[in-house]
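S.K.: Shown below is the structure under consideration.
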Amino acid sequence: RAVLRKASALEYKIQRRALRKEDFINYIQYEINLLELIKKRRARIGYSFKKDEIEYSILQRVHRLFNRATGKWKEDLQLWLSHVAFCKQWNSKHQLSKVFSCMLAIHPNKPALWIMAAKWEMETRLSSESARHLFLRALRFHPECPKLYQEYFRMELMHAEKQRKEKKEFEQAKMDLGEFNYSEEILNGEMARIIYRDAAQKIKGVEFHLAVLSIAKLFDFTQDLQKEILERHGVFSLQTKYADDPLTWDYMARRELELGSLQSTEHTTKQMKVSEMTQREERCCAVFEEAVGAVPTEDMWKCYITFCLERCNRKTNSEELKQKRLERTLSVFNKAHESSLLPEALYKQWLQLLLESNLFEKATEVAEAATKCFSLSVEMWQMRLQVLIQLKSDDVSQCFEEAIKHVKSKGTLPLWTLWVEWSEGINSKEDTEALYQESMTMKEKYLDWTYRNSGYKKAKRLFTSLCEDRPFSLDFFKKMIQIEKEQESCKMLHLREYYERALREFGSTDPDLWLDYIKEELSHPQGKPENCGSIHWRAMKMLQGDLVEEFISKYTLLQTGHL
């Protein structure tokens, strides 16, 4: 009866003349939750009968709801994706094909959706023909989309690999292959080659060609294809065609590692392996050194440093190799800094590496240099201050003052927060209070600190004085309400004052504040439930736009005891 009553109420809502998306979503969510509940109960009691009468009818109802919702709100992509996820979860393959078809007809301008549909056809329905058809349709809409070409290229190689495995299994079973048509061209990845050649004429830039090459390397039958990619847009022409692209140099440098790994590693000692790896990495770094000379940009240095960090973070049992990697990485960081081409984000990684290596003096120098290069960056100052605090330096206060001078006033809140947190642990109460008074951007923290250190009466006096100075935050008022409620003799008169002050500032934008006020009047021993009507009336007048409906729905739940 409860299920029928709830379903009927939800059904009535979607039969209105003015339909609301939220009503459909709530109905769908309710039905999905019901399905999950039935599934759990069946598993618990081991009852597997009447699935067609129960689950099937609910599934069909959910599909109908999704179809109505996506028909009404066609542009809402999230609705379509929710339907797709539901179909996958409940293995509704036939329905999912229809959903993909309708979704792609309405949203053909989104390549990711075409890829999703083709991937499902290939991997779930095992239909390479359907996947190929979808990719070809997608390329009509997006003839220069690199991602589409990459995934189409991957799909054709996967199809070729699948056919090669099938053929091998048939041959091992000594079966007649007469009725099966395995084209040698397809088995060797000729379809992928055609896709690549077509894409190469339309897509410029080395990034696409390197991405295709990395995909081809995943398959062991693509040596000829890899060679063609390299000859067309590879090492033989990279230096001339894309000499200014950092990705070109990055690929050329990393290729030195792979070239080394192709050599035989049999009958080699541990020391020989370490020596060989050291030589490979040095060859890589030699290419990178040439690169930063030829293309002295932030992106090029970033590629070089990223490579060094990757090698530095690799596990090895050789302390000698580990030390060489660390020294190399720190040296590259330093060179990039001296060239004034070290990006802001990498200073943090440099500092972290220095601190982990116990190079505290160098870390202090780097932190100072970072704030000189990026004097307006809050993150850089935070980083420098955290280093000084960690090292228990005497220059922390001076550095805080310097930071506040350089950074624009709107962005100083993280710095003030760090400053007062540090001061609470180091300085006297008077010094910390002076900081709070100087800042005036952390009223709720100031109030909380005063309450913890000086008690309720001083916190109340502070609240009264701070109420005269804008700007306010909602957390400031909520903190005072929380403090009042923690008192043994919590007075409703004071709570009303705090709620009224908060509503004056935030009453037009926060329906929950009104509801909290009403709940307080209903639950407090000194509360007056008769005031709830006037509070409700004021909320309806003051709240803006859709917030009124949100307030009404929550107020209804409150009345029925569900909130």
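S.K.: Evaluate the relative contact order of the chain (contact order divided by residue number), counting alpha-carbon pairs under 8 angstrom at least 6 apart; express in whole percent.
M.R.: Details: 402 pairs, mean separation 25.0, N = 563.
Normalised by residue count, the contact order of the chain is 4 percent.
S.K.: How much FRET efficiency would the formula 1/(1 + (r/R0)^6) give for ASN531 and ASP469, where r is the Cβ-Cβ distance and R0 is 30 Å, rounded to 0.05?
M.R.: On the way: r = 29 Å, r/R0 = 0.98.
Result of the calculation: an efficiency of 0.55.
S.K.: Something else now. Which percent of the accessible heavy-atom area of region 343-441 goes to carbon and sulfur, probe 1.4 angstrom? It would help to have the intermediate numbers written out before the result.
M.R.: Numbers: 2700 of 5560 Å².
Heavy-atom surface of region 343-441 belonging to carbon and sulfur, 1.4 Å probe: 49 percent.
S.K.: If you count, for each residue, the other Cβ atoms within 10 Å and average over each peptide, how do 535-545, 56-66 line up from highest to lowest? List each step's numbers first, then the result.
M.R.: Details: 535-545: 14.5, 56-66: 16.2.
Averaged packing, sorted descending, gives the order 56-66, 535-545.
S.K.: So, one more: Taking the radius of gyration and the Kirkwood hydrodynamic radius from Cα positions alone, what is the Rg/Rh ratio for region 320-468, to two decimal places? Could you put the intermediate results ahead of the total?
M.R.: Numbers: Rg = 18.9 Å, Rh = 17.2 Å.
Using Cα coordinates only, the ratio equals 1.10.
S.K.: Once you list every other residue whose beta carbon is under 13 Å from the beta carbon of GLN349, what net charge do they have if Lys and Arg are +1 and Asp and Glu are -1? Present the calculation step by step, with values, prior to reporting the outcome.
M.R.: Details: positive: LYS302, LYS348; negative: GLU310, GLU344, GLU356, GLU379.
With Lys, Arg at +1 and Asp, Glu at -1, the neighbours total -2.
S.K.: Can you figure out the FRET efficiency of SER48 with LEU136, using R₀ = 25 Å and their beta-carbon distance, to the nearest 0.05?
M.R.: Values: r = 43 Å, r/R0 = 1.73.
Efficiency at R0 = 25 Å is approximately 0.05.
S.K.: If you average the alpha carbon positions of region 109-159 and of region 378-406, how far apart do those two centres end up, in angstrom?
M.R.: With region 109-159 and region 378-406 each reduced to a Cα centre, they are spaced 52 Å.
S.K.: Add -39500 (n - 2.57) for each DSSP H run of 4 or more in the chain, then divide by its residues: what number comes out at 222 nm, to the nearest 500 deg cm²/dmol?
M.R.: Numbers: 30 runs with 420 residues, N = 563.
Value at 222 nm, helices only, nearest 500: -24000 deg cm²/dmol.
S.K.: Going by a ≥ b ≥ c, the root eigenvalues of the Cα gyration tensor, does the chain fall in the rounded group (a/c under 1.5), the prolate group (a/b larger than b/c) or the oblate group? Show your work: numbers first, answer last.
M.R.: On the way: a/c = 2.60, a/b = 1.20, b/c = 2.17.
It is oblate, given that a/c is not under 1.5 and a/b is not larger than b/c.
S.K.: How much length is gained on full extension from ALA9 to ARG314, taking 0.36 nm per residue of separation minus their Cα-Cα distance? Before the final figure, lay out each step's value.
M.R.: Values: separation 305, 0.36 × 305 = 109.80 nm, distance 5.97 nm.
The span from ALA9 to ARG314 would gain 103.8 nm if fully extended.
S.K.: Now a separate question. Subtracting the Cα-Cα distance from 0.36 nm times the residue separation, let me have the gained length for GLN437 to LEU81 in nm, one decimal. Each step should come with its number before you reach the end.
M.R.: Working: separation 356, 0.36 × 356 = 128.16 nm, distance 5.11 nm.
Length gained between GLN437 and LEU81: 123.0 nm.
S.K.: If you roll a 1.4 Å probe over the heavy atoms of the protein chains, what accessible area per residue do you get for the chain, in Å²?
M.R.: On the way: 32320 Å² over 563 residues.
Heavy-atom SASA per residue in the chain reads 57 Å².
S.K.: How much length would be gained if the chain were fully extended between SER340 and GLU123, taking 0.36 nm per residue of separation minus their Cα-Cα distance, in nm to one decimal? Can you show the working numbers first?
M.R.: Numbers: separation 217, 0.36 × 217 = 78.12 nm, distance 4.89 nm.
Gain in length upon complete extension: 73.2 nm.
S.K.: Suppose R0 equals 22 Å. What FRET efficiency, 1/(1 + (r/R0)^6) with r the Cβ-Cβ distance, do GLU401 and LYS372 give to the nearest 0.05?
M.R.: Values: r = 16 Å, r/R0 = 0.73.
With R0 = 22 Å, the Cβ-Cβ based efficiency is 0.85.
S.K.: Sort the following peptides by mean Cβ neighbour count (other Cβ atoms within 10 Å, averaged over residues), highest first: 484-492, 357-365.
M.R.: Details: 484-492: 11.9, 357-365: 14.6.
Result, highest mean first: 357-365, 484-492.
The values are calculated or read from the model by the stated rules, or taken from the named source; none is laboratory data. Not measured: the values here are computed from a predicted model. Ideal geometry is used to build each Cβ from the backbone, glycine not excepted, and the neighbour counts take in all protein chains shown. For accessibility, only protein heavy atoms count, side chains too; no ligands or nucleic acids. Shrake-Rupley method; radii C 1.70, N 1.55, O 1.52, S 1.80 Å.
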